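These notes concern the structure reproduced below.
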Amino acid sequence: MGILEKIAEIEKEISRTQKNKATEYHLGLLKAKLAKYRAQLLEPSKSAGAKGEGFDVMKSGDARVALIGFPSVGKSTFLSLMTSTESEAASYEFTTLTCIPGVIEYKGANIQLLDLPGIIEGAAQGKGRGRQVIAVARTADVVIMMLDATKGDVQSVTPTLCSETLLAFCPLQLFQTSTFFVLQPKKCGGLSYNSTVPLTHCSEKLVQLILHEYSILSQEDCTPDEFIDVIVGNRVYMPCLYVYNKVDQISMEEVDRLARKSHSVVISCGMDLNLDYLLEKLWEYLALICIYTKKRGERPDFGDAIIMRRGATVEHVCHRIHRSLASQFKYALVWGTSTKYSPQRVGLTHVMEHEDVIQIVKK
């Protein structure tokens, strides 16, 4: 029996098993086995095959965005509109057969946009270059899930066709953040399990069934699925933005309903509608900030911003300017919303905010 058959058998057993107190341990073991087989499925084949065309592209710019969706939803047209790259667009499906990169220039940042081939049912098992598409998406900072507004909720609701479901099969989790665990492998001594919060989803007995020879420190109330993700260690968590294209072909009531959904933006590539708002939301999901530098006795340089991630400190800015600057750092003067008064003298641990101005003084 192959891996796919084993996975299918476990999924059938999970669907047949009732969820209650008596079966939660059995379900936990089944989910652990399922995660193990899925990890094996994603491992590259050891047999040498013919060398083919490369799929992934080198990561560049300040952030990377993966454009994923079903065939013929407007991904290539969107890439051509937002970047200077021309991606072939046609009325037939699977016009794009490989990864096509482009660069969005926005607020001084260079955001790499990847147009990926359309995913289909069975993409997680490798159909339609599905594994390659998902592997590239794992390297992105944000996933844009493009949908056809004229098809209603069919694409996002039907379980067998849902892009989110296909991605969830592989180690890529949308809309969630990682669970905070500390794993300390031990050569001997059995299982030591500590928790700093009350656990309502994952009991110590269930943990013992899933994992026997590890020392676990749990600082979050997690579910068995999240616990298994931490053990396997290959799950990637990232934000996702649903983009409904072709809204010029539906009624205003339907546009309003789609726009009010969480993590959703409505656009029309054919009529250039709402693309500016999409860029604003994308900037927000990427958590990017602009920081401007200033030399002593001169005006700030607003023409060349340093692009950082939200939560960046003065030390991160020093490393971005030059790798040896932090070792020569004396203090910094900062103007902006991150300070109580302007300018404020700060140290390396000061957290910067969007559009702050910094002047670094060396020893």
query = Which entries in 261/281; 59/261; 151/261; 59/362; 295/363 show an alpha-carbon gap greater than 21 Å?
reply = 59/261; 59/362
With all protein chains modelled, accessible area of residue 70 [1.4 Å, Å²] = 20
inquiry  = Given points 7 Å out from each Cα along the Cα-Cβ axis, report the residue 60 to residue 261 separation in nanometres with one decimal.
reply    = 3.4
query = Local charge sum around residue 326 (other residues, Cβ-Cβ under 13 Å, Lys/Arg +1, Asp/Glu -1)?
reply = +4
key: Estimated distance in nm for a label pair at residue 363 and residue 3, the labels positioned 7 Å out from Cα along Cα-to-Cβ   = 5.2
message = Suppose each label sits 7 Å from its Cα in the direction of the beta carbon; what would the residue 29-residue 319 distance come out to in nanometres?
response = 4.5
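The values are calculated or read from the model by the stated rules, or taken from the named source; none is laboratory data. Computed from a prediction, not measured in an experiment: that's the story for all the values here. Quick reminder, even Gly has a Cβ in these numbers, built from the backbone with ideal geometry, and neighbours come from all protein chains shown. In case anyone asks, the SASA skips ligands and DNA or RNA and just uses the protein heavy atoms, side chains included. Shrake-Rupley method; radii C 1.70, N 1.55, O 1.52, S 1.80 Å.
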